[in-house]
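Data first, discussion second: the structure below is written as structure tokens.
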């Protein structure tokens, strides 16, 4: 990936990737037990750097308010759903219901961004990007 986001679909795919890296980061931090386990700690550092890189690439074309909320939602829901798988945590019915609300909110944010930027702003953003 060259780092330049060109098509309308790419920023959202990169944002999804950033969300996946955020889930990996959250799970790794949990497994590190306060950064006392070396393998988990190193994994957390790698996922942290990857999630920041991917988020910064996606935010070149997605508004910060929407992109950050979607990224945080993916990370939160992913960690909550996978925490019980990896760390013997409980996920109750009420928690699952509220996670569903977060998922619906993230989807609505994405749908609300379908219209994209006004043409004059899109032209300005495209002029600012290298290549």
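The values are calculated or read from the model by the stated rules, or taken from the named source; none is laboratory data. Because the structure is a prediction, the values reported are computed rather than measured. Because the Cβ atoms are built from the backbone with ideal geometry, glycine has one as well, and the counts that use them run over all protein chains shown.
Quick one: is residue 42 touching a helix residue (DSSP H, G or I) at 6+ places or on another chain (Cβ under 6 Å), modelled with pLDDT of 90 or more and either over 20 Å from residue 113 (Cβ atoms) or assigned to a helix (DSSP H, G or I) (or both)? Steps first, answer last, please.
On the way: touching a helix residue (DSSP H, G or I) at 6+ places or on another chain (Cβ under 6 Å): no; modelled with pLDDT of 90 or more: yes; either over 20 Å from residue 113 (Cβ atoms) or assigned to a helix (DSSP H, G or I) (or both): yes.
Judged against the criteria, residue 42 is not a match.
Which count do you get for residues in the range 70-85 that are touching a helix residue (DSSP H, G or I) at 6+ places or on another chain (Cβ under 6 Å) and surrounded by fewer than 15 Cβ atoms within 10 Å (Cβ to Cβ)?
0
Among the residues of the range 117-126, is there at least one that is modelled with pLDDT of 90 or more and either more than 16 Å from the chain's Cα centre (by Cα) or surrounded by fewer than 17 Cβ atoms within 10 Å (Cβ to Cβ) (or both)?
Initial filter on the range 117-126 (modelled with pLDDT of 90 or more): none.
No - not one qualifying residue is present in the range 117-126.
Against the condition in contact (Cβ under 8 Å) with a residue 40 or more places away in the chain and under 15 Å from the mean Cα position of the chain (by Cα), how does residue 50 come out, does it pass? Outline the logic, then answer.
Details: in contact (Cβ under 8 Å) with a residue 40 or more places away in the chain: no; under 15 Å from the mean Cα position of the chain (by Cα): yes.
No; evaluated as a whole, the condition is false for this residue.
What's the number of the only condition in (1) surrounded by fewer than 16 Cβ atoms within 10 Å (Cβ to Cβ); (2) at pLDDT 95 or above; (3) within 30 Å of residue 113 (Cα to Cα) that residue 35 fails to meet?
(3)
For the range 53-68, state whether one or more residues are modelled with pLDDT under 95, closer than 18 Å to residue 26 by Cβ and not in a helix (DSSP H, G or I).
no
So, in the range 1-32, of the ones that are outside any helix (DSSP H, G or I) and closer than 12 Å to residue 54 by Cβ, which residue ends up modelled with the highest pLDDT? Give the derivation first.
Going through the range 1-32, the residues outside any helix (DSSP H, G or I) turn out to be 1-8.
Pick out the ones that are also closer than 12 Å to residue 54 by Cβ and you get 1, 3, 5.
Numbers: 1: 49, 3: 56, 5: 50.
Taking the candidates together, the pick is 3.
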